[in-house]
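For reference, the structure is listed below as structure tokens.
The values are calculated or read from the model by the stated rules, or taken from the named source; none is laboratory data. Just so it is clear, the structure is predicted and the values come from calculations on it, not from any experiment. When we count neighbours, we look across all protein chains shown, and the Cβ atoms used for this are built from the backbone with ideal geometry, even at glycine. The protein model used for the area step is the full one, side chains on, heavy atoms only, and it has no ligands, DNA or RNA in it. Shrake-Rupley method; radii C 1.70, N 1.55, O 1.52, S 1.80 Å.
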Amino acid sequence: RVFGRFRESQVGTRFSRRTFETFVPREGTAEAFALCLRFVEEYPIWAREGKGLMLVGRVGSGKTHLAAACINSLIPREVGCLFIGVPEYLERLRQSYRKQRQDTEEVEDAAAGIPVLVLDDLGTERLPEDDRGDWARERLYVLVNRRYEDEMTVIVTTNCDRDALVTRLGMRTVDRLD
């Protein structure tokens with residue numbers, strides 16, 4: 001069953017091996033590391049309160065490693081987790097629109113309904129200044145808002161500070177991730 005949960009989590013091969021023990025601390029990562037450990041240890045409390053994590057830092061700082069370590073620690077406890085790169089999520093949605101409405105609902109419902117969702121690389125998605133960018137912003141807002149209203153945990157990794165995320169995604173989306 002645990003193996004099935006790992007497969008369902010969509011953590012790729014590289015990140016399926018990421019643990020807290022294999023994390024190599026870098027300058028400025030001690031606080032994030034400690035917070036992620038606390039999150040895993042206190043997960044039932046965080047989940048009841050609908051709390052999550054936002055890991056912000058430069059490329060190569062270990063954000064994705066820590067997010068993967070969190071869910072790799074929760075899956076053996078039979079907590080449902082899903083790890084998605086934001087650009088890949090949006091691409092899956094685009095592809096599902098070309099098929100059937102049911103496919104789109106399945107993609108969105110899977111991300112909205114899992115107890116722990118990792119949104120990896122939020123802010124790296126391509127957002128053109130036209131309807132396609134508006135569509136992507138709207139789909140991200142719908143996902144984040146559903147999880148916010150249902151008090152479900154989200155772990156975000158991003159290279160963007162709060163102001164940059166607000167500029168890219170809008171205040172409503174970012175406010176629900178705080």
(request) Starting from region 45-60, keep only residues that are assigned to a helix (DSSP H, G or I), then list their pairs with residues that are among the polar types (S, T, N, Q) whose Cβ atoms are within a distance under 7 Å, requiring at least 6 positions of separation or different chains. (result) Trp46/Thr153; Ala47/Thr153
(request) Kindly list the number of the only condition in (1) more than 22 Å from Arg17 (Cα to Cα); (2) among the aliphatic types (A, V, I, L, M); (3) touching a Pro at 6+ places or on another chain (Cβ under 8 Å) that fails for Val79. (result) (1)
(message) Please go through region 123-176 and give me each residue that is assigned to a helix (DSSP H, G or I), open to solvent by 30 Å² or more (accessible area, probe 1.4 Å) and within 20 Å of Ile71 (Cβ to Cβ), ordered by number.
(response) Arg146, Tyr148
(message) If I go through region 26-44 residue by residue, how many of them are open to solvent by 60 Å² or more (accessible area, probe 1.4 Å) and assigned to a helix (DSSP H, G or I)?
(response) 6
(request) Considering only region 56-80, state which residues are among the hydrophobic types (A, V, I, L, M, F, W, C) and open to solvent by 10 Å² or more (accessible area, probe 1.4 Å). (result) Val56, Val59, Val79
(message) Just to be sure before I move on: is Ala67 among the hydrophobic types (A, V, I, L, M, F, W, C), touching a Leu at 6+ places or on another chain (Cβ under 8 Å) and either within 14 Å of Phe83 (Cβ to Cβ) or in contact (Cβ under 8 Å) with a residue 60 or more places away in the chain (or both) in the structure I sent?
(response) yes
(message) If Leu66 meets every condition in (1) part of a helix (DSSP H, G or I); (2) closer than 21 Å to Arg176 by Cβ; (3) not β-branched (Val, Ile, Thr) apart from one, which number is that one?
(response) (2)
